[in-house]
1. If you go through segment 39-52, how many residues are free of Cβ contacts under 8 Å to residues at least 60 places away in the same chain and either touching an Asp or Glu at 6+ places or on another chain (Cβ under 8 Å) or open to solvent by 10 Å² or more (accessible area, probe 1.4 Å) (or both)?
2. Which of the residues belonging to segment 53-84 are of a type in the set (S, T, Y) and either open to solvent by 50 Å² or more (accessible area, probe 1.4 Å) or touching a Cys at 6+ places or on another chain (Cβ under 6 Å) (or both)?
3. Can you work out which of the residues in segment 230-259 that are among the small types (G, A, S) and under 13 Å from L212 (Cα atoms) is nearest to the chain's Cα centre (by Cα)?
4. Any residue in segment 14-38 that is in contact (Cβ under 8 Å) with a residue 12 or more places away in the chain and in the same structural domain as I190 (by TED's automatic domain parsing) sitting within a Cβ distance under 7 Å of a residue that is surrounded by 15 or more Cβ atoms within 10 Å (Cβ to Cβ) and of a type in the set (S, T, Y)? List the pairs, counting only those 6 or more apart or interchain.
Amino acid sequence: MKENILFKFKPQKKWGQNFLTDKNIVQKILKEANITEQDLVLEIGAGKGILTAQIIKKAGKVFVIEIDKNLCLYLEKYLPLSDKIKIIQADFLKCDLEAINNEKLLKFKIIANLPYYITTPIIMKLLKQRVWTEALLMMQKEVAQRIIASPGNKDYSRISIIVNYYCEVKLIGHVSPEVFFPQPKVTSAIIKLVLRKTPLVNVKSEDFFFALVKTAFSERRKTLINNLMKFPGLNLKKEILCAILSGLNISSDIRGERLSIEQFAKLSNLLINFFPN
Ligand code: SAM
């Protein structure tokens with residue numbers, strides 16, 4: 001990329017603009033992404049293009065979604081433009097990824113140094129619109145820890161279950177604040193998500209399964225049963241709930257945070273029978 005040091009640009013805090021400045025981290029991300037000419041890459045939030053410039057060299061086609069109009073102008077000016085790259089000025093959360101992907105047969109590889117103020121909504125959107133195969137995402141370490149946490153760990157939460165249901169998850173490494181400008185207040189982490197061909201567990205209804213998980217984690221200090229007593233529409237007496245858990249070899253005083261994703265699936269497939277539809 002032709003870098004212009006005179007380009008005056010004040011990073012916008014409201015858009016989580018902490019730009020990567022370290023080429024070693026860029027290389028680390030690219031090595032993990034293993035991009036080839038056959039790949040269709042989607043980068044979320046390209047910023048000043050430190051990753052984009054390297055992605056273009058390897059990918060068959062690159063889509064960039066960047067909310068900031070000034071940054072889009074910057075990218076158009078300083079990136080080596082060709083028909084290989086398409087810069088879309090838009091809010092990623094409002095984009096229809098299926099409409100963007102006009103190469104219908106090919107799925108995206110996602111790369112992003114995420115804007116941290118919307119890390120979770122972006123991940124949720126990716127899990128909803130699964131038009132991709134794998135994603136390399138930089139995010140705040142705390143969110144990455146929740147995603148990779150196992151049952152019983154203090155970080156194990158709803159997002160651990162939702163992400164692991166759809167994806168294999170790997171922690172690539174931690175990244176210190178010094179490699180960004182401006183420096184964020186938190187340490188970052190890079191994780192790789194590989195979309196599973198089929199979800200990790202078999203559930204009769206995904207909506208019901210996710211609603212159950214949400215209820216189970218609604219008040220972390222309460223037992224699973226006490227949280228389940230508030231599950232909308234599930235009007236079962238405590239003794240019945242105890243019997244259901246006991247039938248699944250789950251202790252009646254367990255907290256939701258100790259239940260594995262497989263146990264949640266079994267419980268979900270049983271409890272759904274107590275709902276009319
Ligand atoms: N990729 C660049 C880098 O590594 O230096 C920039 C990363 S910066 C942490 C996040 C980028 O996401 C910023 O460029 C910001 O403008 C952009 N962004 C913030 N909110 C966005 C949104 N809703 N949709 C698309 N891009 C967004």
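The values are calculated or read from the model by the stated rules, or taken from the named source; none is laboratory data. Just so it is clear, the structure is predicted and the values come from calculations on it, not from any experiment. No Cβ is skipped: glycine too gets one built from the backbone with ideal geometry, and neighbour counts run over all protein chains shown. Remember, those area values only see protein heavy atoms, side chains included, never the ligands or the DNA or RNA. Shrake-Rupley method; radii C 1.70, N 1.55, O 1.52, S 1.80 Å.
1. The initial filter retains those residues of segment 39-52 that are free of Cβ contacts under 8 Å to residues at least 60 places away in the same chain, namely 46, 48-50, 52.
So of that shortlist, the ones also either touching an Asp or Glu at 6+ places or on another chain (Cβ under 8 Å) or open to solvent by 10 Å² or more (accessible area, probe 1.4 Å) (or both) come out as 46, 48, 50, 52.
Of the residues in segment 39-52, 4 are free of Cβ contacts under 8 Å to residues at least 60 places away in the same chain and either touching an Asp or Glu at 6+ places or on another chain (Cβ under 8 Å) or open to solvent by 10 Å² or more (accessible area, probe 1.4 Å) (or both).
2. Applying the first criterion (of a type in the set (S, T, Y)) to segment 53-84 yields 74, 78, 82.
Result: S82, single match.
3. Filtering segment 230-259 down to residues among the small types (G, A, S) leaves 233, 243, 246-247, 251-252, 256.
Those left that are additionally under 13 Å from L212 (Cα atoms): 233, 256.
Numbers: G233: 30, G256: 22 Å.
Looking at the filtered set, the residue picked out is G256.
4. So the pair list comes out as G16/Y116.
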